[in-house]
1. Percent of accessible area on the chain owned by carbon and sulfur, 1.4 Å probe?
2. Mind ranking Ile62, Ile44, Ile129 by accessible surface for me, highest first, 1.4 Å probe?
3. Under 19 Å from the 7 Å Cα→Cβ point of Arg52, by amide nitrogen: which residues of the range 2-37?
4. Along each of the three principal axes of the Cα atoms of the chain, give the extent in whole Å, ordering the values from largest to smallest.
5. As a test of the formula, what do you get for the chain when each DSSP H run with n ≥ 4 contributes -39,500 (n - 2.57) and the sum is divided by the residue count, at 222 nm and rounded to the nearest 500 deg cm²/dmol?
6. Residue by residue through the range 10-21, which ³J(HN,Hα) values in whole Hz follow from phi under the Karplus form 6.51 cos²θ - 1.76 cosθ + 1.60 (θ = phi - 60°), with glycine and proline marked x?
7. Once you charge only the Cβ atoms, +1 for Lys and Arg and -1 for Asp and Glu, what is the size of the charge dipole of the chain about its Cα centre, to the nearest 20 debye?
8. Apply the a/c threshold of 1.5 to the C-alpha gyration tensor of the range 1-74 and tell me whether it is rounded, prolate or oblate.
Amino acid sequence: MDYLTGLDTSGLEELTKEAALENFRQYEREGLCHTVWTFVTPFIGGICNCDRSDCGAMQSTITRGVPDMFRAEYVAEVNLELCNGCWQCMHVCQFGAIGYSAANKKIFIDPLRCYGCGICRASCTKDAIRLQDRASVPVAANLW
Ligand code: SF4
Ligand code: SF4
């Protein structure tokens, strides 16, 4: 790579922005988490889509408490009026941030555990989950 001439993409497949976004949406539907990797910060070296069982960085960060990755600038929020307590979002959250309230028969999201990946949102057929700006959630605003 040259900073003046840009990337050398010869030999690589190129996608339109629309095709790339559709690929990412499909990965989300498959429960795969997007991660952005900066091999020489701040330049992006790659965007990965994987799950906890395959990703060494996610395992070391979440399972072993060794922070190899940062959280996203979002925190998930559930609309309890729309949630029917189906548990689908709980099954796909790789970070253990979603619990179930037997009393309410709804899920709840722990902002202290949420990495803002949005996989839960993609899985919800009731459109009950949205991502809010991390900065607007006081308890998680400075949690990276
Ligand atoms: S997937 Fe949607 S409807 Fe189902 S429990 Fe989660 S938030 Fe509620
Ligand atoms: S956005 Fe938060 S709650 Fe939803 S799947 Fe990702 S980490 Fe779990």
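The values are calculated or read from the model by the stated rules, or taken from the named source; none is laboratory data. Just so you know, these numbers come straight off a predicted model, no measurement behind them. Here Cβ is always computed from backbone atoms with ideal geometry, including for glycine, and neighbour counts include all displayed protein chains. These area figures cover heavy atoms from the full protein model, side chains too; ligands, DNA and RNA do not enter into them. Shrake-Rupley method; radii C 1.70, N 1.55, O 1.52, S 1.80 Å.
1. Taking all protein chains in place, the chain shows 54 percent carbon and sulfur surface.
2. Ile44, Ile62, Ile129
3. In the range 2-37, the label zone of Arg52 (backbone N under 19 Å from the point 7 Å along Cα→Cβ) covers 28-36.
4. 59, 32, 30
5. Result for the chain, helices only: -4000 deg cm²/dmol.
6. Taking θ as phi minus 60°, the curve returns 4, x, 9, 6, 10, 10, 6, 4, 5, 5, 5, 5 Hz for the range 10-21.
7. So the dipole magnitude of the chain works out to roughly 760 debye.
8. Judged from the Cα gyration tensor, the range 1-74 comes out oblate (a/c at least 1.5, b/c at or above a/b).
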